[in-house]
Amino acid sequence: MEPRVIDTAGVQALVDALLARGYTVVGPTVRSGAIVNAPITSVEQLPRGWGDDQEAGRYRLRGRGDDALFGFASGAQSAKPVFFPTEEVLWRGRRTPDGFTVEAEDLQDDRRDDQPGADAPYALLGVRSCDLAAIGIQDTVLTGRRPDAAYAARRAAAFVVAVTCSDPGGTCFCVSTGTGPRPGPGRGAPYDLALTELLEPGAHRFLVEVTSDRGAEVLGDIGSTSATAADLEAADGVADRAARRMGRELETDGLKELLYAAAESPVWDDVATRCLACANCTAVCPTCFCTDVEDVTDLTGSLAGRNRVWDSCFDADFSLLHGGRVRASTGSRYRQWMTHKLAAWIDQFGMSGCVGCGRCITWCPAAIDITHEAAVLRREAAEQEALP
Amino acid sequence: MSRPKLAVWKFASCDGCQLTLLNCEDELIPLAGEVEIAYFPEATRAVVEGPYDLSLVEGSITTPGDLERIEQVRRASRRLVTIGACATAGGIQALRDFADVDEFRSIVYAHPEYVETLGQSTPVAAHVPVDFELRGCPIDRGQLLEVLSAEIQGRAPRIPRHSVCFECKRRGTVCVTVAHGTPCLGPVTQAGCGALCPAYERGCYGCFGPQDTPNTASIAARLRRDGMAEDEVLRVFRTFNAGAEAFRRESVRHEAGAGVGRGRKGEP
Ligand code: SF4
Ligand code: SF4
Ligand code: SF4
């Protein structure tokens with residue numbers, strides 16, 4: 001289907017059409033001084049006129065002085081918590097007079113109501129190219145060899161409206177990882193529609209590219225006009241300008257070998273002086289997928305259950321085995337995280353685990369920067385090589 | 001089978017942690033069905049003689065009398081679980097560790113000779129073996145029920161020792177440090193409260209004491225960058241868990257910059 005054009009009223013019509021089809025629409029909105037995802041019903045809830053300044057360990061909203069609805073970079077959280085909730089009930093067991101029963105309980109039971117995740121199916125509005133790539137990675141990990149049924153069901157039911165990044169943040173590097181800034185079919189998770197917001201020249205409007213039958217159907221429900229050559233050119237311009245304004249860079253050439261060779265590097269001890277082992281990086285990373293399984297009982301022992309909760313390689317007990325912790329030092333935990341993300345991931349899943357969204361850099365209270373540490377490792381290796 | 005006997009003991013403390021037990025309204029009836037509440041002066045005058053299967057101990061050790069009594073409690077208890085920042089780290093009253101007790105006793109009391117007290121406020125585990133320490137000022141109701149359930153069922157309690165940030169992110173809270181520049185002890189503090197303060201856009205005060213791997217020097221550097229003076233950094237580490245080793249050590253590191261104190265008594 002040829003690209004179409006809608007205006008802001010058209011975005012509202014799109015939201016309405018998705019709601020009418022029974023989707024919970026999850027989109028970006030401003031809360032607590034940041035862009036966060038939440039269920040929305042109106043275009044008025046989108047961050048109109050808001051941009052952001054992002055640096056290592058620092059995030060601030062910035063008024064843009066225009067009407068852009070998607071004029072910000074990656075938000076505080078990706079789509080991860082929607083498809084891969086922070087806590088999930090796996091099963092509950094109840095004691096009965098003659099034994100016990102085990103039931104897969106309604107998975108939403110223990111969900112906090114202030115988070116998206118309670119009312120599938122979801123329509124995600126405004127998914128960035130890096131986050132689409134991340135959803136693709138999580139699909140590989142979670143529906144590959146041992147499929148996670150609940151995740152797969154949520155993913156299959158979801159409708160995805162992607163968006164082109166127009167104003168990347170100071171910690172973005174999707175150009176380095178080849179994952180952005182413009183969504184492209186066949187790259188990352190499939191999506192149904194892709195928007196590119198055009199502020200100029202001409203009226204405030206959105207180029208809509210259609211990549212699925214479902215997308216075409218929904219777009220058919222709302223009024224749109226056909227895109228002109230000028231619209232297409234303007235959209236290309238948005239993506240080109242964004243690509244030239246990446247705040248960070250990651251040299252990926254030979255990165256896997258570099259990390260494998262750096263296991264004994266002093267860099268890890270240096271990071272450990274700053275790293276808080278707080279796990280914010282893994283929590284905001286759209287591809288990190290590690291969980292813990294909690295077994296719980298009630299006071300009387302008549303109810304038992306198993307929950308799955310987000311975990312992190314930065315938790316000391318994450319590597320607890322009989323006899324002790326495999327990764328007792330903070331340096332060894334950071335090494336595990338970075339080496340898995342950028343190197344072992346490639347051997348394990350056939351792709352890097354980093355999509356260049358920059359969240360681990362922005363949301364690290366200690367301002368630790370994965371691109372900087374990679375550059376330091378590279379410099380150190382070059383210096384080693386230069387030695388006689 | 002007779003129900004296990006539960007005792008609840010109080011040392012130097014504010015009773016807040018015992019109140020957390022009383023606040024478990026919906027669970028108190030099932031609890032009373034599972035255990036015999038044998039000694040709990042805060043709730044009932046009835047006294048059932050020991051020995052006890054499970055003792056919950058609130059409060060720190062601050063007097064010579066406490067020293068004797070905690071030995072008796074230990075002897076009378078099969079399992080002993082300490083509850084709250086006082087019992088697990090000495091509590092806010094451990095601020096005395098950084099001062100001269102004789103000096104302020106003579107200033108505060110008309111007859112200082114009647115006041116018998118120790119120079120330091122210490123956690124129970126400094127004196128007798130403790131089976132489990134439940135942190136918090138006050139303790140968290142959900143965590144207390146988890147510990148009680150675990151004790152009754154004879155399993156290990158699920159009380160993670162990782163940072164408050166885990167809970168903060170699980171809850172979907174926007175980080176107050178990164179997005180607002182608000183000083184927050186979450187990264188060095190043990191989870192347990194559900195990241196309550198950041199959910200209300202306040203920084204974490206460290207009520208649950210140091211997390212498993214607390215990099216206090218790194219967070220202190222961040223607090224300084226976010227505008228705290230040396231004496232303020234010293235003070236955030238000297239609250240309810242002032243006596244917890246990692247927090248104590250970090251606070252002492254800022255004494256020179258703050259122009260105060262001389263560390264714990266008896267230390268070089
Ligand atoms: S490692 Fe960092 S930059 Fe890469 S995908 Fe994860 S959060 Fe984004
Ligand atoms: S790298 Fe940063 S966010 Fe990650 S555990 Fe260390 S201090 Fe926390
Ligand atoms: S607000 Fe505090 S507890 Fe929450 S993530 Fe930030 S530093 Fe951690």
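So the values come out like this:
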item: Residue among B:D212, B:D231 that alone is under 30 Å from B:I61 (Cβ atoms), in contact (Cβ under 8 Å) with a residue 24 or more places away in the chain and at the interface with another protein chain (Cβ under 9 Å from one of its Cβ atoms); result: B:D212
item: Candidates A:T171, A:T164, filtered to the one that is within 16 Å of ligand 2 (Cβ to nearest atom), at pLDDT 95 or above and not hydrophobic (A, V, I, L, M, F, W, C); result: A:T171
item: Among (1) away from chain B (no Cβ under 11 Å); (2) buried (at least 23 other Cβ atoms within 10 Å of the Cβ); (3) within 18 Å of the chain's Cα centre (by Cα) - the single one A:P47 does not satisfy; result: (3)
item: Filter result (open to solvent by 20 Å² or more (accessible area, probe 1.4 Å) and either assigned to a helix (DSSP H, G or I) or modelled with pLDDT of 95 or more (or both)) within the range B:240-268; result: B:F240, B:E245, B:R249, B:V252, B:R253, B:A256, B:G257, B:A258
item: Spans of helices (runs of 4 or more DSSP H) in the range A:281-388 with at least 1 residues of a type in the set (G, A, S), in contact with a Phe, Trp or Tyr (Cβ under 6 Å, 6 or more places away or on another chain) and more than 14 Å from ligand 1 (Cβ to nearest atom); result: A:330-339
item: Residue tally, condition over 22 Å from B:E151 (Cα atoms), at the interface with chain B (Cβ under 7 Å from one of its Cβ atoms) and of a type in the set (D, E, K, R), over the range A:291-323; result: 1
item: Matching option when the condition is at the interface with chain A (Cβ under 7 Å from one of its Cβ atoms), open to solvent by 10 Å² or more (accessible area, probe 1.4 Å) and not aliphatic (A, V, I, L, M), among B:R202, B:R170; result: B:R170
item: Single unsatisfied condition, A:A38 versus (1) surrounded by fewer than 19 Cβ atoms within 10 Å (Cβ to Cβ); (2) out of contact with any strand residue (DSSP E or B) (no Cβ under 6 Å at 6 or more places or on another chain); (3) within 14 Å of chain B (Cβ to nearest Cβ); (4) over 26 Å from A:I368 (Cβ atoms); result: (2)
item: In the range B:158-167, residue farthest from A:G57 (Cα to Cα) [restricted to those that are more than 8 Å from ligand 3 (Cβ to nearest atom) and within 10 Å of another protein chain (Cβ to nearest Cβ)]; result: B:R158
item: Residues of the range B:131-143 classified as crowded, with 18+ Cβ neighbours inside 10 Å and part of a loop (DSSP other than H, G, I, E, B), total; result: 6
item: Boolean, B:G181 is in contact (Cβ under 8 Å) with a residue 12 or more places away in the chain, on the phi > 0 side of the Ramachandran plot, away from ligand 2 (no atom under 15 Å from the Cβ) and in contact with a helix residue (DSSP H, G or I) (Cβ under 6 Å, 6 or more places away or on another chain); result: no
item: Which listed residue is over 30 Å from B:A32 (Cβ atoms) and either touching a His at 6+ places or on another chain (Cβ under 6 Å) or open to solvent by less than 40 Å² (accessible area, probe 1.4 Å) (or both), from B:V101, B:V124, B:V128, B:V147; result: B:V101
item: Unique residue being under 19 Å from B:T177 (Cα atoms) and either hydrophobic (A, V, I, L, M, F, W, C) or within 16 Å of ligand 2 (Cβ to nearest atom) (or both) when the list is A:L69, A:L46, A:L61; result: A:L61
item: B:Y114 being over 30 Å from A:A76 (Cα atoms) and either away from chain A (no Cβ under 11 Å) or within 16 Å of ligand 3 (Cβ to nearest atom) (or both); result: yes
item: Matching residues, the range A:298-327, being in contact with a helix residue (DSSP H, G or I) (Cβ under 8 Å, 6 or more places away or on another chain), open to solvent by 40 Å² or more (accessible area, probe 1.4 Å) and over 20 Å from B:Q211 (Cα atoms); result: A:D298, A:T300
item: Subset of the range B:206-239 [away from ligand 2 (no atom under 16 Å from the Cβ), within 22 Å of the chain's Cα centre (by Cα) and not in a helix (DSSP H, G or I)]; result: B:G206, B:C207, B:F208, B:G209, B:R238, B:T239
item: Residues of the range A:81-92 classified as open to solvent by 10 Å² or more (accessible area, probe 1.4 Å) and either away from chain B (no Cβ under 13 Å) or in contact with an Asp or Glu (Cβ under 9 Å, 6 or more places away or on another chain) (or both), total; result: 4
item: Filter result for the condition that a residue is under 16 Å from the mean Cα position of the chain (by Cα) and more than 16 Å from ligand 3 (Cβ to nearest atom), over A:G356, A:G323; result: A:G356
item: The range A:358-388, subset more than 14 Å from chain B (Cβ to nearest Cβ) and among the basic types (K, R), residue farthest from B:K169 (Cα to Cα); result: A:R379
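Residue-by-condition table, conditions (1) more than 7 Å from every other protein chain (Cβ to nearest Cβ); (2) outside any helix (DSSP H, G or I); (3) in contact with a strand residue (DSSP E or B) (Cβ under 9 Å, 6 or more places away or on another chain):
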site	(1), (2), (3)
B:L145	no, no, no
B:L148	no, no, yes
B:I152	no, no, yes
B:V174	no, yes, yes
B:C184	yes, yes, no
B:C193	yes, yes, no
B:P198	yes, no, no
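Quick grid of which residues meet (1) open to solvent by less than 30 Å² (accessible area, probe 1.4 Å); (2) in contact with a helix residue (DSSP H, G or I) (Cβ under 9 Å, 6 or more places away or on another chain):
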position	(1), (2)
A:I222	yes, yes
A:A230	no, no
A:V238	yes, no
A:R244	no, yes
A:R248	no, yes
A:L258	yes, yes
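The values are calculated or read from the model by the stated rules, or taken from the named source; none is laboratory data. All values derive from a computational prediction rather than experimental measurement. We place every Cβ from the backbone using ideal geometry, glycine too, and count neighbours over all the protein chains shown. Protein only, heavy atoms only, side chains kept; ligands, DNA and RNA dropped before computing areas. Shrake-Rupley method; radii C 1.70, N 1.55, O 1.52, S 1.80 Å.
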